[in-house]
Amino acid sequence: MTSNLFYDFVFVGSGAAGLLCAYRMSQDPYFDQKRILLIDKDVKNTHDRTWCFWENGRGEWDQILSMQWKNIIFKSDSFHKTIALENYSYKMIRSGDFYRSILKVLESKKNFEFLNDDIIALHDEKNQLKVECKNTTITCSKVLNSIFDPNVLAQNHSFPYLKQHFIGWFIETEEDVFNPEGATFMDFTVEQKGNTRFMYILPFSKNKALIEYTLFSADLLQDEFYEIEITEYIKQLGITQYKITEKEQGNIPMTCYPFEKYNSKNIIHIGSAGGWTKPSTGFTFKRITEYSQNLVDFLKLNDDLRLFSVRSRHWYYDLIFIDVLWRDNSKGSEVFSSIFRKNKIQDVLSFLDEKSNFWTELKIMYRTSPRWLFTKSALNNIKNFFN
Ligand SMILES: Cc1cc2nc3c(=O)[nH]c(=O)nc-3n(C[C@H](O)[C@H](O)[C@H](O)COP(=O)(O)OP(=O)(O)OC[C@H]3O[C@@H](n4cnc5c(N)ncnc54)[C@H](O)[C@@H]3O)c2cc1C
């Protein structure tokens, strides 16, 4: 790769968002004559994370699902229920399967190229962009940037910012202890310690599961503290003999911070770096599948990239929600218990998917406690709404 190569589009980072946008382009003849480069520091063809999402009926990724569940379990001290998802399923993809299936398509197209390099800086010059990598510099017309810069959020003082952080163990037990019919979505019966803390269990068979200790809070824990909690939880499940076959760890931003303000005429931030993570839940994968199509349709207009927006009224609901847990992080169990106890699951899922109608949204908000805290946060964030 030499420094005088010119591309129409360069993907700076090619994880979930980069690959999905590139895949959407590869399916649209408009981009057949465009030179497109994907740059990543890693070779993205092996498993490095597990993605789950709910979906109504059949979906685009069904062929590469590793698992799906028709029930979810919610547990807290005040409410415990196995909830039938009816027309929805909770689906799981191993990222390695996703990367390989997308790469197979992109590698078959002549106009897509790949570069394995460390990106150091982006230079936004008058009529062209320069992507400075460790070993080369690339020039191009447009950049789709999915490299998340935590310093951006470190400088934020006006938007509430929590992290969804977790460590998960894939375990294999000697005895049959799990029920693969239902995924434990949230188990708040673990000690809250002033935070929003829960266990998340994905059972793959009677003796294999992923057990994740998760917090929605401002500060990370030392690794050993997540692991102490997982060990204790496994003991409480009555499991004595097991082996850990894999581990995974995450730290997902939960904020309504307007990442789009870093976009320019020719650079757009995508994925978590573009604020595509659903702030109130940390779920990102499904949103990437939708926003990637919207973005690729927008790119065909050859417009100023600052005009692309994913913001809707749900952004404000998320802002209030995050603000509540940011002001009083101990309230998560109460908030989620009220949501799951008082509403139909279809309404909750369509609300979180931002596909609900306004009446359903009002009902859910009215039924979510503590109502006084939500009212206070709604009033406190009016100025952020106009930001
Ligand atoms: C362990 C884990 C589990 C998750 N589970 C779920 C889930 O169940 N459901 C859900 O909806 N979301 C989940 N998420 C959140 C989200 O879906 C993922 O983080 C998703 O990968 C975000 O996509 P992205 O493209 O924004 O970022 P990434 O997929 O992280 O892509 C960014 C890319 O940039 C590359 N990069 C970074 N810095 C450089 C550099 N300097 N030079 C070159 N390349 C660079 C990285 O190698 C990476 O490939 C999970 C996240 C993690 C970490």
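Taken together, the values in this text are just the output of simple stated rules run on the coordinates, not laboratory data. Note that the structure is predicted; figures quoted are calculated from it, not measured. Ideal geometry is used to build each Cβ from the backbone, glycine not excepted, and the neighbour counts take in all protein chains shown.
Worth pointing out:
- Virtual spin-label span in nm between THR137 and HIS157, 7 Å along Cα→Cβ: 3.6
- Links that overshoot a 18 Å alpha carbon limit, given the list LYS208/LYS243; LYS278/LYS355; LYS70/LYS235; LYS75/LYS376: LYS70/LYS235; LYS75/LYS376
- Segments 344-350, 41-47, 277-283 sorted - mean Cβ within 10 Å per residue, highest first: 277-283, 344-350, 41-47
- Relative contact order [Cα under 8 Å, 6+ residues apart], the chain, whole percent: 18
- Value of Rg to Rh for region 25-122 (Rh from inverse mean 1/r over Cα pairs, i.e. Kirkwood): 1.13
- Arranged from fewest to most other beta-carbon atoms within 10 Å of their beta carbon, SER146, SER330, SER26 become SER330, SER26, SER146.
- Exposure proxy for MET186, MET254, MET92: other Cβ atoms within 10 Å of each Cβ, ordered fewest to most, give MET92, MET186, MET254.
- For region 313-385, a/c is not less than 1.5, where a ≥ b ≥ c are the root eigenvalues of the C-alpha gyration tensor, and a/b does not top b/c. That puts it in the oblate class.
- Between region 357-387 and region 280-321, the Cα center-to-center distance that results, in Å: 21
- Of the two radii for the chain, the radius of gyration is 0.97 times the Kirkwood radius, both from the alpha carbons; that is the Rg over Rh value.
- Cα gyration tensor shape for region 145-184, rounded if a/c is under 1.5, else prolate or oblate: prolate
- Its residue count N fixes a reference of 2.2 N^0.38 Å for region 227-370, and the Cα radius of gyration divided by that reference is 1.30.
- With the simple spin-label model, which puts each label point 7 Å out from Cα in the Cβ direction, the TYR30 to ASP149 separation comes to 2.8 nm.
- Length-normalised contact order for region 1-97 - Cα pairs under 8 Å, 6+ apart - percent: 29
- Taking a ≥ b ≥ c as the square roots of the eigenvalues of the Cα gyration tensor, region 164-247 is classed as prolate, since a/c reaches at least 1.5 and a/b is larger than b/c.
- For the chain, the longest principal axis of the C-alpha atoms and the axis of helix 313-327 are separated by about 60°.
- Beta bridge orientation in the chain: antiparallel %, DSSP, nearest 5: 70
- Which of TYR257, TYR233 has the fewest Cβ neighbours within 10 Å, and the rest in rising order: TYR233, TYR257
- Zone of SER264's modelled label, taken as backbone nitrogen in region 108-127 under 18 Å from a point 7 Å along Cα→Cβ: 119-127
- The aspartates and glutamates whose alpha-carbon is closer than 12 Å to the alpha-carbon of LYS34, local same-chain residues fewer than 8 away aside, are ASP8, GLU113.
- Region 358-363 - phi-based ³J(HN,Hα) in whole Hz, Karplus 6.51/-1.76/1.60, Gly and Pro as x: 4, 4, 4, 4, 4, 4
- Exposed GluC sites (Glu not before Pro) absent - longest run of the chain, DSSP non-H/G/I/E/B, at most 16 other C-beta within 10 Å: 192-387
- Remark: relative contact order (region 313-385) = 44 percent; criterion is Cα-Cα distance under 8 angstrom and separation of 6 or more residues.
- For region 121-184 versus region 1-46, the gap between their alpha-carbon centres in whole angstrom: 17
- Between LYS300 and LYS109, the FRET efficiency estimated from the beta carbon spacing at R0 = 25 angstrom works out to 0.90.
- Compared with the dominant principal axis of the Cα atoms in the chain, helix 285-299 is inclined by about 30°.
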